[in-house]
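Since every read-out is calculated from the coordinates, none of them should be taken as a lab result. Because the structure is predicted, anything quoted here is derived from the model rather than measured. Here the Cβ positions follow ideal geometry from the backbone for every residue, glycine too, while neighbour counts run over all protein chains shown.
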Amino acid sequence: MAAFRFRYAEEKDTALILHFIRQLAIYEKMEDQVTADEHLLKEWLFEKQTARVIFALEEEREVGFALFFHNFSTFLGKGGIYLEDLFVLPEYRGRGYGKGLLKQLAKIAVSEGCGRLEWMCLDWNKPSIDFYLSLKARPMEDWTLYRLTGDTLNRMAE
């Protein structure tokens, strides 16, 4: 692999971002759960600016992406970066793009004064788990993720 290059996504990349999201959903066997469309992504990523996307590039082709946003640690008293999605096209895996994207996110976190970089991984995704462990990332123990969505979220808001 040539020197790792990345670029931030722009509004004109909305369809490409959606393509990567769908590819990730297929890999995670969750494609039926993708309800995002270009309009929603444009609104939330570029108009409301609630998250950012970076692409990994081989020459001029986008071969991977990371979607991330800021969170906050009350214990640290400062923000962090939460990595929502990381995906490298299958034919480009094993070339350092995933690690390059994580390194770039770490650089962003450090340059912005963040205290941590966090993400989740599906329990069955052994290749990714092994990769994260090789980077010295450690799984959180004694924590369970809880979520409200859809009708349950709407009922809670009433």
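Within the range 41-141, considering only strands (runs of 3 or more DSSP E) that don't extend past its boundaries, which have at least 2 residues that are small (Gly, Ala, Ser)?
On the way: elements: 52-58, 61-73, 78-88, 117-119.
Result: 61-73, 78-88.
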Selection count, the range 2-40, where residues are more than 14 Å from the chain's Cα centre (by Cα), in a loop (DSSP other than H, G, I, E, B) and on the phi < 0 side of the Ramachandran plot: 9
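Can you name every residue in the range 138-155 that is of a type in the set (S, T, N, Q) and farther than 20 Å from Leu122 by Cβ? Full working, then the answer.
Pass one, the range 138-155, residues of a type in the set (S, T, N, Q): 144, 149, 152, 154.
Correct list: Thr152, Asn154.
Condition first: exposed (fewer than 13 other Cβ atoms within 10 Å of the Cβ) and without any contact (Cβ under 8 Å) to a residue 24 or more places away in the chain. Now tell me which residues in the range 19-42 satisfy that.
Within the range 19-42, the subset exposed (fewer than 13 other Cβ atoms within 10 Å of the Cβ) is 26, 29-30, 32-33, 35, 37-40.
Scanning the range 19-42 gives Ile26, Lys29, Met30, Asp32, Gln33, Thr35, Asp37, His39, Leu40.
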